[in-house]
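Asker: Following this message is one structure expressed as structure tokens.
The values are calculated or read from the model by the stated rules, or taken from the named source; none is laboratory data. Quick caveat: nothing in here was measured; it's all calculated off a predicted structure. Ideal geometry is used to build each Cβ from the backbone, glycine not excepted, and the neighbour counts take in all protein chains shown. For the accessible areas, the whole protein counts, side chains as well, though only heavy atoms, and no ligand, DNA or RNA atoms are used. Shrake-Rupley method; radii C 1.70, N 1.55, O 1.52, S 1.80 Å.
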Amino acid sequence: MLVVFTLRPLGIPAAMADTSDAVDTAAKAEDVEWCYDIVQDVSRTFAITVDVLEEPMSSSICIGYLLCRIPDTIEDARHIPPETRADLLDVYDEVVSADSSTTAGAFEDAVVPWIPEDSDADWELLAQTPRVLRVFESQPVDVREAIRPAVREMVDGMATFLRRYADEDGIRIQTREELHEYCHYAAGVVGELVTNLVRDEELPAASRNRLTETADSFGHALQLVNVAKDVGEDYREEDNVYLPVRELATAGVAVDDLGDPDTVEGVVTVVERTIEDARGHLDDAQTWLEHVPERAGNRVAAWSIPYLLAVATLREIESRPADVLRTDGVKVDRSEVGAVIEATVGGLEEMSLGELRREIAAEPLTPANS
């Protein structure tokens, strides 16, 4: 049976509830509810993670994710010139900064002319950036200061890559070292964001150190899986090549020939190398999961779901690596997604994370009652 989650209303911070202005309180509550709704629309997978978390962590992660999704949409917007995208990211960075006079309205004015007529949920999110920022500013100070550095580092990294490849057709990662740099900015900082929210002085020093040392690997691993899985889609839809260009060249693949059937064998060679790269980061990601505390509404199960789905995705890529170039790509079966959620939310006490990882790496996980 597929486990279905229904997103509950996002908890309103105490600072909201204390106001005597009923109209203002209702408006703030509406902003908060909208944030929860838009997470469902822009990422059903992440919506599940948010829902498995409890308050106040679910609120913090929901708004943190949206703050990261906004620059990600700008980075991928092919209809906007690279330098203009980088400039938009600079304005966004100033808005998120705690000590800048740049307003959310200034960012809205800059980005609205670029919103496509046939816009989707991601662009609706961009259009509503001031609303997201209002909810962010309503969060407690310690939450804002845990989220802000990671978001700003992501934005700065994305702007750097856009400017680095402004004269190319799209991003063209050259080396594996550069791929790791990109993965850090695109996703590794998310692991650091979560760590900032859950780490406190009550944790043993050894656990705090392990969390810090492995935080980047959590997001980094998931991003490497996406790089391997989305080779064809990234090239066709965004004209981006994240597999290292020099490794492709060594395998006899020119970037302009990435979709050529004659180059599949060479592409597969680099994909397989990226699979092994991801596995190495998955080891550290598991260490992070094994040390992350369940405090302030945090639940290990919430972060184990995307981790185990990444393990399942790697298994599928390895079994049919050439499919990463196909239009239908490589996906984990919907029934297995449900089984992973069911096993993680209800069964981590019965089976360790390592045991689940090994089982999923070997073969698709099936629902308990199938």
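Asker: Just give me the residues in the range 144-190 being within 21 Å of Tyr65 (Cβ to Cβ) and touching a Leu at 6+ places or on another chain (Cβ under 7 Å), in sequence order.
Answerer: Within the range 144-190, Ala146, Ile147, Ala150, Val151, Val155, Met158, Ala159, Cys183, Ala187 qualify.
This table checks each residue for (1) surrounded by fewer than 23 Cβ atoms within 10 Å (Cβ to Cβ); (2) over 24 Å from the mean Cα position of the chain (by Cα).
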residue	(1), (2)
Ala221	no, no
Val225	no, no
Ala228	no, no
Val231	no, no
Tyr235	yes, no
Tyr242	no, no
Ala249	yes, yes
Ala254	yes, yes
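Asker: For the range 206-324, give me every one of the helices (runs of 4 or more DSSP H) that falls completely inside it and has 3 or more residues that are among the acidic types (Asp, Glu) and either within 27 Å of Met158 (Cα to Cα) or free of Cβ contacts under 8 Å to residues at least 12 places away in the same chain (or both).
Answerer: Helices (runs of 4 or more DSSP H) meeting the threshold: 231-238, 264-291.
Asker: Going by what's in this entry, would Val135 be described as more than 17 Å from the chain's Cα centre (by Cα), at pLDDT 95 or above, more than 16 Å from Val227 (Cα to Cα) and surrounded by fewer than 22 Cβ atoms within 10 Å (Cβ to Cβ)?
Answerer: no
Asker: Moving on. For Asp109, state whether it is open to solvent by 40 Å² or more (accessible area, probe 1.4 Å), at pLDDT 95 or above and either over 27 Å from Asp167 (Cα atoms) or out of contact with any Ser or Thr (no Cβ under 7 Å at 6 or more places or on another chain) (or both).
Answerer: Criteria met by Asp109.
Asker: Here is a further query. Restricting to the range 139-157, name every residue that is closer than 21 Å to Glu201 by Cβ and of a type outside the set (S, T, N, Q).
Answerer: Result: Pro140, Val141, Asp142, Val143, Arg144, Glu145, Ala146, Ile147, Arg148, Pro149, Ala150.
Asker: Across the range 256-270, what is the total count of residues that are buried (at least 20 other Cβ atoms within 10 Å of the Cβ) and not hydrophobic (A, V, I, L, M, F, W, C)?
Answerer: The total comes to 1.
Asker: So, one more: Hey, does the range 11-25 have a residue that's at pLDDT 85 or above, open to solvent by less than 60 Å² (accessible area, probe 1.4 Å) and part of a helix (DSSP H, G or I)? Walk me through it before giving the result.
Answerer: First pass over the range 11-25, keeping only residues at pLDDT 85 or above: none.
Checked against the condition, which is being at pLDDT 85 or above, open to solvent by less than 60 Å² (accessible area, probe 1.4 Å) and part of a helix (DSSP H, G or I), the range 11-25 yields no hits at all.
Asker: Go through (1) more than 15 Å from the chain's Cα centre (by Cα); (2) open to solvent by less than 20 Å² (accessible area, probe 1.4 Å) for Trp34 and report which single condition fails.
Answerer: Here Trp34 meets the rest and fails (2).
Asker: Another question about this same structure. Residues to consider are Ala312, Ala302; find the one that is open to solvent by less than 70 Å² (accessible area, probe 1.4 Å) and within 30 Å of Asp260 (Cα to Cα). Give the steps one after another, and end with the answer.
Answerer: Numbers: Ala302 fails: within 30 Å of Asp260 (Cα to Cα).
Step by step, each of Ala312, Ala302 is checked, and only Ala312 is open to solvent by less than 70 Å² (accessible area, probe 1.4 Å) and within 30 Å of Asp260 (Cα to Cα).
Asker: Right, something else. State which residue is nearest to the chain's Cα centre (by Cα) when the search covers only the range 164-210 and only residues that are farther than 20 Å from Ser60 by Cβ and hydrophobic (A, V, I, L, M, F, W, C).
Answerer: Looking at residues that are farther than 20 Å from Ser60 by Cβ and hydrophobic (A, V, I, L, M, F, W, C), I get Ala186.
Asker: Going through the range 348-365 one residue at a time, which ones are modelled with pLDDT of 95 or more, open to solvent by 50 Å² or more (accessible area, probe 1.4 Å) and part of a loop (DSSP other than H, G, I, E, B)?
Answerer: Glu363, Pro364
Asker: Filter the range 53-89 for residues that are more than 12 Å from the chain's Cα centre (by Cα) and aliphatic (A, V, I, L, M) and give the result.
Answerer: Of everything in the range 53-89, those that are more than 12 Å from the chain's Cα centre (by Cα) and aliphatic (A, V, I, L, M) turn out to be Leu53, Met57, Ile63, Ile74, Ala77, Ile80, Ala86, Leu88, Leu89.
Asker: Tell me, yes or no, whether the range 159-182 has at least one residue that is in contact with a His (Cβ under 8 Å, 6 or more places away or on another chain), among the basic types (Lys, Arg) and open to solvent by 30 Å² or more (accessible area, probe 1.4 Å).
Answerer: no
Asker: Scan the range 257-273 for residues that are farther than 21 Å from Ala186 by Cβ, within 28 Å of the chain's Cα centre (by Cα) and among the charged types (D, E, K, R) and jot them down.
Answerer: Once the filter is applied, which keeps residues that are farther than 21 Å from Ala186 by Cβ, within 28 Å of the chain's Cα centre (by Cα) and among the charged types (D, E, K, R), the range 257-273 yields only Glu272.
Asker: Moving on. Failed condition for Glu94, given (1) touching a Ser or Thr at 6+ places or on another chain (Cβ under 6 Å); (2) over 22 Å from Tyr182 (Cα atoms); (3) not basic (Lys, Arg), with all others met?
Answerer: It fails just one condition, (2).
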